[in-house]
Amino acid sequence: MDGAQFLQVLIIGLSQGCVYGLIALGFVLIYKATEVVNFAQGDLMMIGMFIAFTFLNVLGMPYWLGLMCTCASMALIGALLERALIRPMIGEPTFAVLMLTVGLGFILRSFAGSVWGADPKSIHNPFSGEVLRLGEVFLGFENIAVMVGTALVCIALGLYFRYARIGVSMQAASQNQLAAVLVGISVNRVTLLAWALSAGIAGFAGVMLAPVSLIDPQVGFIGIKAFAAAIIGGLGSLPGALIAGIAIGVIEQFAQITLPTSLATASPYLVMLIILIVRPGGLFASVQRKRV
Amino acid sequence: MAELLSVQNVETLYGPIMALRGVSMQVREGQILALLGANGAGKSTLLKTISGTMVPKKGRVEFQGKSIAGTPPHQIARLGIAQVPEGREVFALLTTEQNLHMGGYVRERADIAESLRRVYALFPALYVKRASQAGYLSGGQQQMLAIGRAMMSSPRLMLLDEPSLGLSPQLVSEIAETIVKLNREQGVTIMLVEQNARMALDVADYGYVLENGRIVMENTAKNLSDATDIKEFYLGMKEQGVRGRRRWKQRKTWR
């Protein structure tokens, strides 16, 4: 493998990893707020892709407007799901809520299949086919867009959690629910926000993924790789999830050209296994341990 | 003094266990009230019932004449009741200053600057540590932070659950001084739950004694400190009989 080829694979891996990272952010956001893993996270992204398809191809919106509308409607869907499904489950065993999200994934997949059909679709976007050439390396515009988009989302999230009062209150509620309630933070509101945020991010990830992947009801299964990323990152760490997501994307791309196919497909999970053996809490596990 | 909080015939359950068996008590405006009792007597449960983190099965809780039993705790916080929970419960990964800002969550942003200055004036140690993560503060500093955080909401009534727990005697008297200062200088009414009965009775005006979920005694703090039972059970002062007669056969409990 020469240098140019190496760079080429690296860039594709990075952009793929950004999508994993974005979905992993969604896993972590909901986990931190509610201590429940939302296994329907990938399927939310899939719904986001179909909604983007509807806005862009069916309604013919301009790309950027469609992107924003997709994120907004996904945030709304996330909030509605929380209200309808998660809030009534407060106080039930975590496992029950977990199974609920697994079931939600099935429902979302069959819903998408019956509304938009099972045959793969793709959306109009301003990037497809455009290429930036740097020496011998070809940069697809769609790959650049994913990376820039992810960076922007992460900066926005970082500012939100650090400086916005409501963002700090979400952190507070995830660190100590009792104390949060006592200072007047509504935990229900925090949970609602977490679902809205992570569904919105899933929608964004969907739009970013759309140019490089076909849209069908099964596309949400890449959420499993993103889940592996969230685990590697420590499940409680937003930067960890993002970094691990990107790492998995890169490792997967290199595995595909160096290892036999069967092994390459399993590479994200192999990485997860190794990390879990070496550092059971994940790479970026927070210092604080939950007191029981 | 006007009545700020009144609790009437409150029964609160932990699952099947009745932790409060019909408790009635009043807190008057401007008072420092001590709530004494052994482990498991129901002191913390009473505080949690007032702050709304536990919901009573029976009875009334009234704050400034309005019933608050069953109101969610985050809304009770908005009414002007701030609880300093047992074991400090700071937001460990937030900075000291962020913790304090969260204490003022129920108020407008512009209003909390003055409160922040007051907290830092009262606890200079917190000002020094304002940018460090609260989880890395010492136990005493965390307790100061928990009290400071409760001050930030500018409460009418502050509920303190075992503020002296696990602190050195030096720090205990510092905390005691702070409680008196808060009460005298800022007019905060205080309800203090303590195992450290001596400290509690030193600062308090009035006291209740809880046992097995019932109020068994109430009086001014001074009278309580002089009462024989309190001396024996809570202050550890045992009057030795003429022949060193053991007194444990006499009343060990009130029923």
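The values are calculated or read from the model by the stated rules, or taken from the named source; none is laboratory data. Only a predicted model underlies this, so the values are computations on that prediction, with no experimental measurement involved. Every residue, glycine among them, receives a Cβ derived from its backbone with ideal geometry; neighbour counts consider all protein chains shown. For the accessible areas, the whole protein counts, side chains as well, though only heavy atoms, and no ligand, DNA or RNA atoms are used. Shrake-Rupley method; radii C 1.70, N 1.55, O 1.52, S 1.80 Å.
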Worksheet, complete the sentence: Between the modelled labels at residue A:72 and residue B:29 (7 Å from Cα along Cα→Cβ) the distance in nm is 4.9 nm
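Determine, from the Cβ-Cβ distance of residue A:221 and residue A:132 and an R0 of 25 Å, the FRET efficiency 1/(1 + (r/R0)^6), rounded to the nearest 0.05. Spell out each step's value before the answer.
On the way: r = 31 Å, r/R0 = 1.22.
Efficiency computed from Cβ-Cβ geometry: 0.25.
Let a ≥ b ≥ c be the square roots of the eigenvalues of the Cα gyration tensor of the protein assembly as shown; is it rounded (a/c under 1.5), or, if not, prolate (a/b larger than b/c) or oblate?
Details: a/c = 2.61, a/b = 2.45, b/c = 1.07.
It comes out prolate by the Cα gyration axes.
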Worksheet item: To the nearest 10 degrees, how steep is helix A:94-116 against the longest Cα principal axis of chain A, on a 0 to 90 scale?
Response: 40 degrees
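Per-residue counts of other Cβ atoms within 10 Å, averaged by peptide: what ranking do you get for B:156-168, A:133-145, highest first? Intermediate results must be reported in sequence, preceding the final value.
On the way: B:156-168: 20.8, A:133-145: 15.4.
Taking the mean over residues of other Cβ atoms within 10 Å, the ranking is B:156-168, A:133-145.
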Discussion item. Rounded to the nearest 20 debye, what is the charge dipole size of chain B about its Cα centre when +1 sits on each Lys and Arg Cβ and -1 on each Asp and Glu Cβ?
Written reply: 820 debye
Discussion item. Taking the Cα centre as origin and putting +1 on Lys and Arg beta-carbons and -1 on Asp and Glu beta-carbons, what dipole magnitude results for segment B:89-154, to the nearest 20 debye?
Written reply: 120 debye
Practice prompt. Please work out whether segment A:1-105 counts as rounded, prolate or oblate from its C-alpha gyration tensor, where a ≥ b ≥ c are the square roots of the eigenvalues and a/c under 1.5 means rounded, while otherwise a/b larger than b/c means prolate and anything else oblate?
Written response: oblate
Worksheet item: Working out 0.36 nm times the residue gap between residue A:5 and residue A:274, then minus their Cα-Cα distance, what length gain in nm do you get to one decimal?
Response: 94.1 nm
Practice prompt. May I have the count of lysine pairs in chain B with C-alpha atoms under 24 Å apart, counting pairs 8 or more residues apart or located on different chains?
Written response: 21
Practice prompt. Sum -39500 (n - 2.57) across every DSSP H segment of at least 4 residues in chain B, then divide by the residue count to get the 222 nm mean residue ellipticity, nearest 500.
Written response: -10000 deg cm²/dmol
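Using r as the Cβ-Cβ distance of residue A:259 and residue A:165, and R0 as 60 Å, what FRET efficiency do you calculate, to the nearest 0.05?
Numbers: r = 48 Å, r/R0 = 0.81.
Working from the Cβ atoms, E equals 0.80.
Given the DSSP H assignment, sum -39500 (n - 2.57) over each helix run of at least 4 residues in chain A and divide by its residue total; what's the result at 222 nm in deg cm²/dmol, nearest 500?
Values: 11 runs with 200 residues, N = 292.
Helix contribution divided over all residues of chain A: -23000 deg cm²/dmol.
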Fill in: Unit charges on C-beta of K, R, D, E only; dipole of segment A:3-219, Debye
540 debye
Worksheet item: In a solvent-free Debye calculation with one equal scatterer on each Cα, what is log10 I(q)/I(0) for segment B:89-154 at q = 0.14, 0.16, 0.20, 0.23 Å⁻¹, listed in the order of the q values?
Response: -0.31, -0.41, -0.65, -0.86
Practice prompt. Determine the share of the protein assembly as shown's accessible area contributed by carbon and sulfur atoms, expressed in whole percent, with a 1.4 angstrom probe.
Written response: 60 percent
Discussion item. Give me the one-decimal nm value for the distance between modelled label points at residue A:152 and residue B:229, 7 Å along each residue's Cα-to-Cβ direction.
Written reply: 7.2 nm
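Enter the mean number of other protein chain beta carbons within 10 Å of the beta carbon of each residue in B:50-62, as an integer. Before the final figure, lay out each step's value.
Details: counts 0, 3, 2, 3, 0, 0, 0, 0, 0, 0, 0, 0, 0.
The shielding value for this peptide is 1.
Using only alpha carbon pairs under 8 Å that are at least six residues apart, calculate the relative contact order of chain A and give it in whole percent.
37 percent
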Practice prompt. Compute the acute angle (0 to 90°) between the alpha-carbon long axis of helix B:112-122 and the principal axis of greatest extent of the alpha-carbon atoms of chain B; round to the nearest 10°.
Written response: 50 degrees
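How high is the relative contact order of segment A:103-245, given as a whole-number percent (alpha carbon pairs under 8 Å, six or more residues apart)? Walk me through the numbers on the way to the answer.
On the way: 97 pairs, mean separation 36.1, N = 143.
Relative CO of segment A:103-245 lands at 25 percent.
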Item to complete: Please name whichever of A:273, A:171, A:254 sits farthest to the positive end of the charge dipole of segment A:164-292, dipole taken about the Cα centre and charges placed at Cβ: Lys and Arg +1, Asp and Glu -1.
Response: A:171
Item to complete: Skip the ligands, DNA and RNA, and give the accessible area per residue of the protein assembly as shown with a 1.4 Å probe, whole Å².
Response: 45 Å²
Worksheet item: Rounded, prolate or oblate: which fits segment B:87-225 when a ≥ b ≥ c are the square roots of the eigenvalues of the alpha-carbon gyration tensor, with rounded for a/c under 1.5 and prolate only if a/b beats b/c?
Response: prolate
Item to complete: Report the one residue of A:93, A:53, A:110 whose Cα lies farthest in the direction of the positive end of the charge dipole of segment A:3-219 (charges on C-beta: Lys and Arg +1, Asp and Glu -1; origin at the Cα centre).
Response: A:93
Discussion item. For chain B, what does the relative contact order come out to in percent, with C-alpha contacts under 8 Å and a separation of six or more?
Written reply: 24 percent
Worksheet item: Angle, helix B:139-151 long axis vs. longest principal axis of chain B, Cα atoms, 0 to 90°, nearest 10?
Response: 70 degrees
